């Protein structure tokens, strides 16, 4: 797991004198315990002191001011005149810390358009609504720079970056039915960075609410907060990833309704359970609480009593009531290939969330090609994928995938457009050969949290270090995949090879899979891919006619196990060698 801010600070403190001489070369060591200079510019003087030895190593203060103090990350920020996130990034580079998976290049977003806006008039309808209905003070409204637009007949909630740049706006009408929207093509930024005090960075604690008025409510209670930009969307996690890096503790105070609770679980899974605490309120949201008369003392108690996410797998029957009732409800149809669909949920084969599918087949049976075809269908549905196809170079896999989409139209320009179009939805393990269990699990967790991947492909089991002949370890690895799938609600695809048959076998079964029986037992589903044996016999005997080639299927996908429904079947498919795709006979 990547280092926390506290751990990075500790590493800087371990080299405190070296850090000081790098950041403040104009200073000097005094008494063997303090690095001393005039101010954060390193000017001559003795008011700024950094402890480089002893109990408070790494702590500093400029005694000529009331605000300049903190640890060495805070010193880095002040000296370099950058944001806290930028200071952490620079410090990590200086320390030689490399994240387990490199953060991708930030997507480009449009700048907010110029509009006619104005401060809310003290006696206007918008200010009256915010003050009298929502119980917000004029001071708080102004602190968030909430404006109005006569042209759009809406209240404007501007979103600024931590450095103070306007990067988005949200709009809300006062008339019914209420309408809410944002500037198009702008960054999905959190709201409220401009009101976050330095104390939040010093304590490394921040609260995230669901709505802008909730963030304003928390600040009115004396608790600085950010809020989501776009309701239930989660693209803000990608965009704000580095800006949230300075915080080791994140309080999640979303709406206390089923949608808010579900989103709380999803956001915590992405940000990391280790640094999230859940705030529980007596009303639906913070502003409802404010309107009901709850005070800042109440709010501080809610934050003080915030709970860590529950330890996985430990529940009582009473705690299972909501999940039990949800299980009784009709479930949304899970993803599947068009040729696998049936009468959901009783027939057909589906790749359900929270499951592991074991893919098997003899060598050259088309397992990897089938998975590549499935990737194209996932991408067409805008579903994000992590792909650890360890038997082939990433660029070769991309070419095969592009061929499915573009066929003979694949060229330089179309290829560039294809890669740029799917790039944010497809994350690769850039490895040909073998990987360790911990390494691939770390990549999977990062890809889920950072990129929002929900389908994970591992091709194949034999490429995971020390598993090919260690059957107990195979079972343990499959258990780790099951834990991952259940905890994230993702679907994991694991490819396994078949053993050499002791006799001539036309069609394999799940008992043909090479390795531990725990692989089959622990998987939710088992799919086997094989060529049409009757057609292959004719082909090898050079007796296959053109008419037979057209009329006979090329590939069979055999559903050997489907734990959820028990429905089994064999799908007979035609293969297009030009586009590397399949269709049902």
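Select from segment 83-107 the residues that are more than 20 Å from residue 18 (Cβ to Cβ) and at pLDDT 85 or above and list them in ascending order.
83, 84, 85, 86
How about segment 116-141: which of its residues are at pLDDT 90 or above and surrounded by fewer than 13 Cβ atoms within 10 Å (Cβ to Cβ)?
Once the filter is applied, which keeps residues that are at pLDDT 90 or above and surrounded by fewer than 13 Cβ atoms within 10 Å (Cβ to Cβ), segment 116-141 yields 132, 133, 138, 139.
Does segment 325-343 hold any residues that are loosely packed, with under 10 Cβ neighbours inside 10 Å and in contact with a strand residue (DSSP E or B) (Cβ under 8 Å, 6 or more places away or on another chain), and which are they?
The answer is 338, and nothing else.
Select, from 390, 378, the only residue that is touching a helix residue (DSSP H, G or I) at 6+ places or on another chain (Cβ under 6 Å), assigned by TED's automatic domain parsing to the domain that holds residue 492 and under 30 Å from residue 474 (Cβ atoms).
Among 390, 378, only 390 is touching a helix residue (DSSP H, G or I) at 6+ places or on another chain (Cβ under 6 Å), assigned by TED's automatic domain parsing to the domain that holds residue 492 and under 30 Å from residue 474 (Cβ atoms).
If you check residue 391 against the conditions, is it over 26 Å from residue 339 (Cα atoms) and in contact with a strand residue (DSSP E or B) (Cβ under 7 Å, 6 or more places away or on another chain)?
For residue 391, the condition - over 26 Å from residue 339 (Cα atoms) and in contact with a strand residue (DSSP E or B) (Cβ under 7 Å, 6 or more places away or on another chain) - is met.
So which residues in segment 88-100 are without any contact (Cβ under 8 Å) to a residue 40 or more places away in the chain and either touching a strand residue (DSSP E or B) at 6+ places or on another chain (Cβ under 7 Å) or within 15 Å of residue 163 (Cα to Cα) (or both)?
Of the residues in segment 88-100, the ones without any contact (Cβ under 8 Å) to a residue 40 or more places away in the chain are 90, 93, 96, 98.
Matches in segment 88-100: none.
Check whether at least one residue in segment 366-380 is touching a residue at least 12 places away in the same chain (Cβ under 8 Å), in a loop (DSSP other than H, G, I, E, B) and buried (at least 16 other Cβ atoms within 10 Å of the Cβ), and report yes or no.
Yes: one or more hits.
Out of the residues in segment 16-29 meeting the condition of being in contact (Cβ under 8 Å) with a residue 12 or more places away in the chain and not in a helix (DSSP H, G or I), tell me which one is nearest to residue 204 (Cα to Cα).
Here the answer is 24.
The values are calculated or read from the model by the stated rules, or taken from the named source; none is laboratory data. Just so it is clear, the structure is predicted and the values come from calculations on it, not from any experiment. Note: ideal-geometry Cβ built from the backbone for every residue, glycine included; neighbour counts use all protein chains shown.
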